[in-house]
Amino acid sequence: QVPTDPESLIFSWNKLRTYQKIPTSTEYSNVAVIDGTRKTGNDNFSMPIFKKMFNGDFFEFHLIDCIFSQTATKDLIPDIVEKIIKHKIKTLVIETNVDNKLKKVLQEKLVEKGYFQIDIIEIYSTANKQARIEDQKGNILRNLVFPAKHLFGFKSDVGKFLENLVTYNNKGRNSHDDAPDSCAILTKELVDEGSAPAKAVPIKRPF
């Protein structure tokens, strides 16, 4: 059930930064996060893709695409690879709590496709999801910019991701918190720089 207390909906539409059109910039990079699923079921595989640009004195990230589906990670490998290449993703953060082999699989598939321009950062989280979201809510509201409500269909992956985000409440009554948690992973790692640079390993060209 969706709570009626508006203050508990910490990412409601009226609190999010939104865009009608993404600003043009010659200096940007596309980044993504993967919060995977072990198997089909209740959890959503979540892979939001953001355009990272410098705005004054901080970076902002515009959501441009995503994969958001109640599908096992292993069944989405071709779609993940396709999105990486399509958007020329330069940095990918993978939470390894569910699957610690995904990085290796993706590297192999990307090399086969001739795509090498990506840093893959692996993280293992011991934090409670709700605690991480609460810790990062300020960064999410400040640094992330989302499509205006009408720009994507409700049944599209982006539409489902946004609905999952805006209906999240901080009272702990969430059947799914995959979208806000993906956003929290991104801001923790790429805004707060939670990962050491040494963890980012670009794909090397085969000899």
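Just going by the charge dipole of the chain, with Lys and Arg at +1 and Asp and Glu at -1 on Cβ, which of Ala127, Val191, Leu76 is farthest out on the positive end? Comparing the listed Cα positions along the dipole, Leu76 ranks first. Computed 3J(HN,Hα) for segment 104-111, one whole-Hz value per residue from the Karplus formula 6.51 cos²θ - 1.76 cosθ + 1.60 where θ = phi - 60°, is 4, 4, 5, 4, 4, 5, 5, 4, glycine and proline marked x. Please work out how much accessible surface Ser25 shows to a 1.4 Å probe, ignoring ligands, DNA and RNA, in Å² rounded to 10. Looks like 40 Å² after rounding. Can you send over the carbon and sulfur percentage of the accessible area for the chain, probe radius 1.4 Å, protein chains only? Heavy-atom surface of the chain belonging to carbon and sulfur, 1.4 Å probe: 49 percent. Amide H to amide H, with H built 1.01 Å from N, Val33 comes under 5 Å of Val93, counting only residues 5 or more places away or on other chains. Largest mean-square fluctuation among Asp157, Asp181, Asp57, in a Gaussian network model of the chain whose springs join Cα atoms under 10 Å apart, belongs to Asp57. Overall shape of segment 1-116 was characterised from the C-alpha gyration tensor. The equivalent ellipsoid obtained from it has semi-axes of 27, 23, 11 Å, in decreasing order.
Cα convex hull, the chain: 129 Å³ per residue, rounded to a whole number. The GNM of the chain, with springs linking C-alpha atoms under 10 angstrom apart, assigns the highest mean-square fluctuation among Ile77, Ile120, Ile67 to Ile77. Build a GNM of the chain with springs between Cα atoms under 10 Å apart, and of Asn143, Asn128, Asn169 the one that fluctuates most is Asn128.
About its Cα centre, the dipole of the chain is roughly 440 debye, where the only charges are +1 on Lys and Arg Cβ and -1 on Asp and Glu Cβ. Applied to segment 73-81, the Karplus parametrisation 6.51 cos²θ - 1.76 cosθ + 1.60 on θ = phi - 60° returns per-residue 3J(HN,Hα) values of 3, 4, 7, 10, 3, x, 5, 4, 4 Hz, with x for Gly and Pro.
Between segment 130-155 and segment 72-96, the C-alpha centres lie 20 angstrom from each other. List residues of segment 127-167, by number, whose backbone nitrogen lies under 11 Å from a label position 7 Å along Cα→C-beta of Tyr19. Correct set: 144-148. Average accessible surface for segment 56-146: 48 Å² per residue, computed with a 1.4 Å probe over protein heavy atoms with every protein chain in place. Between Asn30, Tyr115, Asn164, the Cα set farthest toward the positive side of the dipole of the chain (charges on each charged residue's Cβ, about the Cα centre) is that of Tyr115.
The values are calculated or read from the model by the stated rules, or taken from the named source; none is laboratory data. As the structure is a prediction and not an experimental result, all values here were calculated from the model. Neighbour counts are summed over all protein chains in view; Cβ atoms, including those assigned to glycine, are modelled from backbone coordinates with ideal geometry. The area values use the complete protein model at the heavy-atom level, side chains included, leaving out ligands, DNA and RNA. Shrake-Rupley method; radii C 1.70, N 1.55, O 1.52, S 1.80 Å.
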